[in-house]
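Asks: Take a look at this one; I'll ask things after.
None of the figures in this text is laboratory data; all of them are computed from the coordinates on show. What you see is a predicted model, and the numbers here were worked out from it, not measured in a lab. Heads up, the Cβs are rebuilt from the backbone with ideal geometry, glycines too, and the neighbour counts pull from every protein chain shown.
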Amino acid sequence: MAWFTRQKTPLGDGPPDGEKKIRTEGLWQKCEHCGQIIWRKALEENMQVCPKCGWHFRIDARTRVGMLLDNGLAEEFDAGLVSADPLGFVDSKPYHERLAMMQQTTGMRDAVIAAAGPLNGRRVQLCVLELKFIGGSMGAVMGEKITRAIERSLAEKSPLIIVSASGGARMQEGAISLMQLAKISAALMRLDEAKAPFISILTDPTTGGVTASFAMLGDLNIAEPGALIGFAGPRVIEQTIRQKLPEGFQRSEFLLQHGFLDAVVPRAEMKQWISRALDFFLV
Ligand SMILES: [Zn+2]
């Protein structure tokens with residue numbers, strides 16, 4: 001629990017670099033991994049994956065919905081839910097001001113899109129976290145939207161897919177944000193008892209209370225290549241244990257080798273992969 005009280009970052013309890021991606025407006029973009037200059041259109045056509053080295057750039061939630069559902073964001077739920085700022089929290093600025101600013105810049109009310117629709121013709125409930133909205137942090141709104149998505153899955157016996165990208169629990173909502181871990185986990189238990197499949201997709205970065213709850217509770221937990229996945233970030237662990245961490249620690253491939261993930265799936269193959277997995281689950 002001390003982990004939560006030490007953090008001063010407004011980005012939740014994970015690594016604070018979630019929002020630092022610099023956007024250049026030109027035709028070209030430098031790959032943040034291999035350093036090659038890439039034609040922006042080539043990057044777009046390649047689903048924001050570097051054609052030279054395969055590095056997966058972060059993408060926004062709306063784009064992700066478009067990649068997974070056959071008809072994109074045609075059916076959205078609870079888009080109007082907003083946090084009530086129950087603690088009247090103030091860090092470097094009042095929380096209600098931070099929320100208003102985020103709502104303006106992202107066009108979203110909170111850090112998750114709850115959608116439903118066909119994935120290769122099979123209806124699924126899909127929740128996608130938006131990293132740009134206060135680091136994809138989980139507060140009461142995310143907890144409620146995901147829980148309602150689980151309840152819809154239960155009601156219509158459709159599979160649930162959650163795509164995570166998050167710094168963790170939303171510190172501005174204090175203990176209320178932490179209660180969402182238990183709330184969502186309990187709802188997932190009911191989904192499990194009803195034998196409706198839940199596939200968790202972890203993308204760069206998935207950390208803190210999101211990893212510690214629903215992101216690791218899938219019937220299948222799969223990740224994109226190269227994603228940072230953990231509870232505390234590597235810097236915090238190094239400072240705590242005073243040891244250098246091994247190469248690639250907390251990246252998807254390392255976690256797959258050590259049994260924390262079921263698969264690492266490139267973005268271009270993700271939709272087909274999920275579709276096949278659901279075929280297998282739902283024969
Ligand atoms: Zn590259």
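Asks: Expressed as a fraction of 2.2 N^0.38 Å, the rule-of-thumb size for a compact globular protein of N residues, what is the C-alpha radius of gyration of the range 132-283?
Replies: Working: Rg = 15.7 Å, N = 152, 2.2 N^0.38 = 14.8 Å.
Taking N as the residue count of the range 132-283, the ratio is 1.06.
Asks: Taking N as the number of residues in the range 16-166, what value does Rg over Cα atoms divided by 2.2 N^0.38 Å take? Provide the component values of the computation, followed by the final result.
Replies: Details: Rg = 17.1 Å, N = 151, 2.2 N^0.38 = 14.8 Å.
For the range 16-166, the normalised Cα radius of gyration is 1.16.
Asks: Another question, if that's okay. How far is it, in nm, from the label point at Ser275 to the one at Met47 when both lie 7 Å from their Cα along the line to the Cβ?
Replies: 1.1
Asks: Another question, if that's okay. So how much slack lies between Val82 and Ile37, counting 0.36 nm per residue of separation and subtracting their Cα-Cα distance, in nm?
Replies: Working: separation 45, 0.36 × 45 = 16.20 nm, distance 3.98 nm.
Between Val82 and Ile37, full extension yields an extra 12.2 nm.
Asks: At 25 °C and 0.890 mPa s, what whole-number value in µm²/s does Stokes-Einstein give for the translational diffusion of the range 160-248, with Rh from the Kirkwood sum over Cα pairs? Could you put the intermediate results ahead of the total?
Replies: Values: Rh = 14.0 Å.
Taking Rh from Cα pairs, D becomes 175 µm²/s.
Asks: Here is a follow-up. For Arg242 and Asp192, calculate 0.36 nm times their separation in residues minus their Cα-Cα distance, and state this gained length in nm to one decimal.
Replies: Numbers: separation 50, 0.36 × 50 = 18.00 nm, distance 3.97 nm.
So the chain would gain 14.0 nm between Arg242 and Asp192.
Asks: Still on this structure, I have one more. What percentage of all Cα-Cα pairs in the range 113-172 are separated by more than 20 Å?
Replies: On the way: 487 of 1770 pairs.
For the range 113-172, the share of Cα pairs beyond 20 Å comes to 28 percent.
Asks: With each label point set 7 Å from Cα along the Cα-Cβ vector, what nm distance links Arg235 and Ala74?
Replies: Placing both labels 7 Å along Cα→Cβ, they lie 4.4 nm apart.
Asks: Compare the Cα positions of Ala268, Asn71, Pro51 along the charge dipole of the chain (+1 at Cβ of Lys, Arg; -1 at Cβ of Asp, Glu; about the Cα centre) and return the one farthest towards the positive end.
Replies: It is Pro51.
Asks: Just name one of Ser137, Ile162, Leu181: the one whose Cα is farthest towards the positive end of the charge dipole of the chain (beta-carbon charges, Lys/Arg +1, Asp/Glu -1).
Replies: Result: Ser137, furthest along the dipole toward the positive end.
Asks: With 24 Å as the cut-off, how large is the P(r) tail for the chain, expressed as percent of Cα-Cα pairs?
Replies: Working: 19513 of 39903 pairs.
Within the chain, distances greater than 24 Å cover 49 percent of Cα pairs.
Asks: I've got another one for you. Just to verify a number: FRET efficiency for Thr105 and Val283, C-beta to C-beta distance, R0 = 30 Å, to 0.05? Let's see the in-between values first.
Replies: Numbers: r = 45 Å, r/R0 = 1.49.
After rounding to 0.05, the efficiency reads 0.10.
Asks: Which of the peptides 61-74, 36-49 is most tightly packed, and how do the rest follow, judged by the mean count of other Cβ atoms within 10 Å per residue?
Replies: By packing density, highest mean first, the sequence is 61-74, 36-49.
Asks: Can you tell me which of 121-130, 154-163, 141-150, 263-272 comes out highest on packing, and rank the rest after it, using the mean Cβ neighbours within 10 Å?
Replies: Details: 121-130: 21.6, 154-163: 19.7, 141-150: 23.1, 263-272: 15.4.
Ranking the peptides 121-130, 154-163, 141-150, 263-272 by packing returns 141-150, 121-130, 154-163, 263-272.
Asks: As a check on your grasp of the helix formula, calculate [θ] at 222 nm for the chain: sum -39500 (n - 2.57) over DSSP H runs of n ≥ 4, divide by the residue count, round to the nearest 500. Please report the intermediate quantities before stating the final value.
Replies: Numbers: 10 runs with 101 residues, N = 283.
Computed mean residue ellipticity for the chain: -10500 deg cm²/dmol.
Asks: Distance in nm between label sites at Asp91 and Asp262, each 7 Å beyond Cα in the beta-carbon direction?
Replies: The modelled label-to-label distance comes out at 3.4 nm.
Asks: Long-range amide H contacts for Thr206: which residues qualify at under 5 Å (H placed 1.01 Å from N, peptide plane, sequence gap of 5 or more or a different chain)?
Replies: Those qualifying (amide H under 5 Å, at least 5 residues apart or on another chain) are Ser166, Leu228, Ile229, Gly230.
Asks: Oh, and also: Relative to the present Cα-Cα distance, how much length would full extension add between Leu27 and Ser185 at 0.36 nm per residue of separation? Each step should come with its number before you reach the end.
Replies: On the way: separation 158, 0.36 × 158 = 56.88 nm, distance 4.37 nm.
So the chain would gain 52.5 nm between Leu27 and Ser185.
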